[in-house]
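*Asks:* Before anything else, here's the structure in question.
The values are calculated or read from the model by the stated rules, or taken from the named source; none is laboratory data. Please read all numbers here as calculations on a predicted model, not as lab measurements. Note that each Cβ is placed from the backbone with ideal geometry, even for glycine, and that neighbours are counted across all protein chains shown.
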Amino acid sequence: MSTVVADGVPAKIPPVASPVDEDPVKIASNISYHAHYSPHFSPFKFEPEQAFYATAESVRDRLIQQWNETYFHYHKLDPKQTYYLSMEYLQGRALTNAIGNLNVQGGYADALNKLGHELEEVVEQEKDAALGNGGLGRLASCFLDSMATLNLPAWGYGLRYRYGLFKQRIGKDGQEESAEDWLEKFSPWEIVRHDIVFPIRFFGQVEVQPNGARKWVGGEVLQALAYDVPIPGYKTKNTNSLRLWEAKAVSEDINLFEFNDGQYETAAILHSRAQQICAVLYPGDATENGKLLRLKQQFFLCSASLQDIILRFKERKVGKGTRSWSEFPDKVAVQLNDTHPTLAIPELMRLLMDDEELGWDEAWEVTTKTIAYTNHTVLPEALEKWSQAVMWKLLPRHMEIIQEIDKRFIEMVKSTSPDLEHKLSSLCILDNNPQKPVVRMANLCVVSSHSVNGVAQLHSDILKAELFVDYVSIWPTKFQNKTNGITPRRWLKFCSPELSQIITKWLKTDEWVTNLDLLVNLRKFADNEELQAEWKSAKLANKKRLAQYILRVTGVDIDPNSLFDIQVKRIHEYKRQLLNILGVIYKYKKLKEMSDEERKNTTPRTVMIGGKAFATYTNAKRIVKLVNDVGAVVNTDPQVNNYLKVVFVPNYNVSVAEMLIPGSELSQHISTAGMEASGTSNMKFALNGCLIIGTLDGANVEIREEIGEQNFFLFGATADQVPKLRTEREKGLFKADPRFEEAKKFIRSGAFGSYDYNPLLDSLEGDTGYGRGDYFLVGHDFPGYMEAQTKVDEAYKDSKRWTKMSILSTAGSGKFSSDRTISQYAKEIWNIKDCPVP
Ligand code: 26Q
């Protein structure tokens, strides 16, 4: 009998070890089996935390079965497979997703009840796996979900960082960062594969063999050890893998002589170096040491993943005679998630030439047919450039290969496109500027990939017209668009069950969960009063849940009947949280100047802003501080706080997003046009019936097209106007709107405390020598923004109209399913087919 106790009472459920069916009694017994026989805590304790681990392990049993079947099935059928290489994954919590994808929600909820717990409370015990920063990392995780759901043979590769994204707290000086140890206890979702280990070399030198072949030798050798995380598809057996690499020293790498001599640190130097590699996501790169560590991380991911891929390619030739290397691209597609895994290119060339003895031409053909590259940003500061000196030191053989790629590219251009010869200094890979010789990673990717894609139509157009314009004339068919998407499972079905049920009821099917285009059928009910009432009540329930959360984490009491206006994303000047808060400040000042009667005619609003600022990004941190200071004043001002509240939501992450987005009514996507490659939270908000105020940037353009321009609050300069506006600004031709001046002056007057906001505000001036003189055009777009906000207030007063717009937002979001995005990658870039497990 189980001795697992709930409220002090032993559960009368005998434990069973085998994965179980849908019967809640059997599920409960399997959960108690795990509490008992794979214990992680002292016995006789079964609080929500223990219940979480036991439940997760019970669910994992089911996943492992499907997972193994999936692997064997792929192994037997040997289809072409995609490998997604990414330095970031933002998986968030896994339990709700796993239970939902397995479609065993009811069984697990009842089973936990029998053990004295609530599923909702138990799932909250899980820490987010936050092995990423922002959009690019969350996109990778949505893609994994879609690849499994579409039964595609496709895996993710990443790094098993010990400390992922930092935890954010708000103190008296603004943002404070602290390490978040997601593995503090352990993760029930990862399985270490002690048999999957590859050597990874750093430093050393290149040796020429008697036959002329080159070989990388010497230096430091570490090991990459595989940890696998199961990725279940929605209502399918296919369960794919996310393989995360951890760095280890070779066990003999401890010098016992030195150790016994008391020199503990030097004795175990390689152990400590190995630990550094996966210690943190994006270690600071201001120092040379920091840069070297980041480069080591990138190479570590690329080398381990490619050795693994090549080994699998060789293993799967079993029974098929010898396989020629020219078949490699028929079995393997590698997608580079931005330039961070670029070293996969020279590493694949090295492995093919130096280990497998292919000639240059053959290796090059294989490499270029295998590799494809996605660009996620046009911001110049985010385009990776690595010092040639550091690269020669760390990766001497790879630098030889990169030099050769560059040399052959230059020769090719000279012979086939002589008109581009004068552009070669910017097109080539090695920038040999004697001041600072660097390798341009994006150029290496474009030259070596068979496909280059942007992540929204506007972004892809900008890549072709600007950043990569000259490459387009060399390779006109290489460039593509793949508009981003989000998984409708996590971002609607699981995070907003109430709204999902209403959608299913009105569409008379739940097929929309895997065929999101079906949402369009909601359009014909947009005016239906019954649907409107249900819709409003589901949104209100989500708002109330959000209000409770905000009260708990910030102490601010917000009114669920006010308009919930949310901007959550990384804090960056180009995303213009500053425009948002300046608008709030202006509104606050006007509210204070109004009579009581006038105030009563305004639309009550709660503005929530959340996001993390990179630890060394000073202006972003000043913005965080400003939002908090404004909140402190506005929320305690009895004249105004029934009409306006301002909340900074701390520690924004995937789980917080799952709470905020369902409760949102208006969300802000207000970047300077041309700067946000796509955005993906805009899609999550729209899918949840939240209206958007935004610029014509990134995927906003396509969202507006899909949901209808009358349902989108548009303002601001367009991408093609931006360069001219910047020039005018520099020349002093810009005339500021008096409201913009008034808002800035109000802050400078000390209305929000004594913190020195002058440097931040000066960055909005054209001529103070600070920053780039309102490079992000906050001043230019301010009046249009205020007018759009006035339209929002008007629209919200008409509840029927607003609810209709909300329904139409959801109805128009079908295009933004990551299932659609991934189907396009599969067909148009990877050339892979589904491989469903029977
Ligand atoms: C820069 C220099 C050196 C090393 C690393 C980097 C670096 C690291 C991370 C550069 C960029 C990133 C992250 C970029 C990112 O998250 N981009 C976002 O990608 C989303 C998915 O495509 C888009 O929706 C967003 O618009 C884009 O900002």
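*Asks:* Yes or no: Phe479 more than 22 Å from the chain's Cα centre (by Cα) and aromatic (Phe, Trp, Tyr)?
*Replies:* On the way: more than 22 Å from the chain's Cα centre (by Cα): yes; aromatic (Phe, Trp, Tyr): yes.
The answer is yes for Phe479.
*Asks:* OK, next. Between a residue in region 159-180 that is closer than 15 Å to Ala129 by Cα and any residue that is among the basic types (Lys, Arg) and assigned to a strand (DSSP E or B), which pairs come within a Cβ distance under 9 Å, given they are 6 or more apart or on different chains?
*Replies:* Ala179/Lys167; Glu180/Lys167
*Asks:* Within region 571-616, track down each residue that is among the acidic types (Asp, Glu) and either farther than 22 Å from Gly773 by Cα or touching a strand residue (DSSP E or B) at 6+ places or on another chain (Cβ under 8 Å) (or both).
*Replies:* Let us first name the residues in region 571-616 that are among the acidic types (Asp, Glu), namely 573, 593, 596-598.
Answer for region 571-616, where residues must be among the acidic types (Asp, Glu) and either farther than 22 Å from Gly773 by Cα or touching a strand residue (DSSP E or B) at 6+ places or on another chain (Cβ under 8 Å) (or both): Glu593, Asp596, Glu597, Glu598.
*Asks:* For Ser678, are the conditions met, namely being surrounded by fewer than 14 Cβ atoms within 10 Å (Cβ to Cβ), polar (S, T, N, Q) and part of a loop (DSSP other than H, G, I, E, B)? Break it down stepwise before answering.
*Replies:* On the way: surrounded by fewer than 14 Cβ atoms within 10 Å (Cβ to Cβ): no; polar (S, T, N, Q): yes; part of a loop (DSSP other than H, G, I, E, B): yes.
Considered against the rule, which asks whether it is surrounded by fewer than 14 Cβ atoms within 10 Å (Cβ to Cβ), polar (S, T, N, Q) and part of a loop (DSSP other than H, G, I, E, B), Ser678 comes out as no.
*Asks:* Go through region 260-370 and tell me which helices (runs of 4 or more DSSP H), entirely inside it, have 1 or more residues that are of a type in the set (Asp, Glu) and within 16 Å of the ligand (Cβ to nearest atom). Please lay out each step first, then the result.
*Replies:* On the way: elements: 264-267, 269-277, 288-315, 328-331, 344-350, 360-370.
Answer list for region 260-370: 288-315.
*Asks:* Residues of region 754-790 being touching a Lys or Arg at 6+ places or on another chain (Cβ under 9 Å), on the phi > 0 side of the Ramachandran plot and in contact (Cβ under 8 Å) with a residue 60 or more places away in the chain, which ones?
*Replies:* Once the filter is applied, which keeps residues that are touching a Lys or Arg at 6+ places or on another chain (Cβ under 9 Å), on the phi > 0 side of the Ramachandran plot and in contact (Cβ under 8 Å) with a residue 60 or more places away in the chain, region 754-790 yields only Leu777.
*Asks:* Scan region 373-382 and tell me whether some residue there is touching a helix residue (DSSP H, G or I) at 6+ places or on another chain (Cβ under 7 Å) and away from the ligand (no atom under 16 Å from the Cβ).
*Replies:* No, that holds for no residue.
*Asks:* Now for a separate question. Identify, by number, the condition in (1) assigned to a helix (DSSP H, G or I); (2) touching a Leu at 6+ places or on another chain (Cβ under 9 Å); (3) at pLDDT 95 or above that Trp67 doesn't meet.
*Replies:* Trp67 satisfies all of (1) assigned to a helix (DSSP H, G or I); (2) touching a Leu at 6+ places or on another chain (Cβ under 9 Å); (3) at pLDDT 95 or above except (2).
*Asks:* Which of the numbered conditions does Lys797 fail, given that it passes all the others? Conditions: (1) surrounded by fewer than 20 Cβ atoms within 10 Å (Cβ to Cβ); (2) modelled with pLDDT under 95; (3) charged (D, E, K, R).
*Replies:* Only one criterion is unmet by Lys797, namely (2).
*Asks:* To continue, here is another question. How many residues does region 437-452 hold that are assigned to a strand (DSSP E or B) and either in contact with a His (Cβ under 9 Å, 6 or more places away or on another chain) or farther than 13 Å from Tyr471 by Cβ (or both)? Break it down stepwise before answering.
*Replies:* Taking region 437-452 as the starting set, the residues that turn out to be assigned to a strand (DSSP E or B) are 438-440, 451-452.
Then keep just the ones that are either in contact with a His (Cβ under 9 Å, 6 or more places away or on another chain) or farther than 13 Å from Tyr471 by Cβ (or both); that gives 438-439.
The total comes to 2.
*Asks:* Please go through (1) in a loop (DSSP other than H, G, I, E, B); (2) crowded, with 22+ Cβ neighbours inside 10 Å; (3) within 16 Å of the ligand (Cβ to nearest atom) for Trp189 and return the number of the only condition it doesn't satisfy.
*Replies:* Going through the list (1) in a loop (DSSP other than H, G, I, E, B); (2) crowded, with 22+ Cβ neighbours inside 10 Å; (3) within 16 Å of the ligand (Cβ to nearest atom), Trp189 breaks only (3).
*Asks:* Return the residues of region 192-223 that are without any contact (Cβ under 8 Å) to a residue 12 or more places away in the chain and either assigned to a strand (DSSP E or B) or closer than 30 Å to Glu126 by Cβ (or both); say none if nothing qualifies.
*Replies:* Within region 192-223, the subset without any contact (Cβ under 8 Å) to a residue 12 or more places away in the chain is 195, 207-212.
Within region 192-223, Asp195, Glu207, Val208 qualify.
*Asks:* Also, quick follow-up: Just a yes or no: is a residue in region 730-750 over 30 Å from Lys536 (Cβ atoms), modelled with pLDDT under 95 and either assigned to a helix (DSSP H, G or I) or within 14 Å of the ligand (Cβ to nearest atom) (or both)?
*Replies:* Scanning region 730-750 turns up at least one residue that is over 30 Å from Lys536 (Cβ atoms), modelled with pLDDT under 95 and either assigned to a helix (DSSP H, G or I) or within 14 Å of the ligand (Cβ to nearest atom) (or both).
*Asks:* In this structure, is Thr602 closer than 11 Å to Leu644 by Cβ and either surrounded by 15 or more Cβ atoms within 10 Å (Cβ to Cβ) or within 16 Å of the ligand (Cβ to nearest atom) (or both)?
*Replies:* Details: closer than 11 Å to Leu644 by Cβ: yes; either surrounded by 15 or more Cβ atoms within 10 Å (Cβ to Cβ) or within 16 Å of the ligand (Cβ to nearest atom) (or both): yes.
When the stated conditions are applied, Thr602 passes them.
*Asks:* Then there is this: Out of the residues in region 130-151 meeting the condition of being more than 22 Å from Lys827 (Cα to Cα) and among the small types (Gly, Ala, Ser), tell me which one is farthest from the ligand (Cβ to nearest atom).
*Replies:* Ala130
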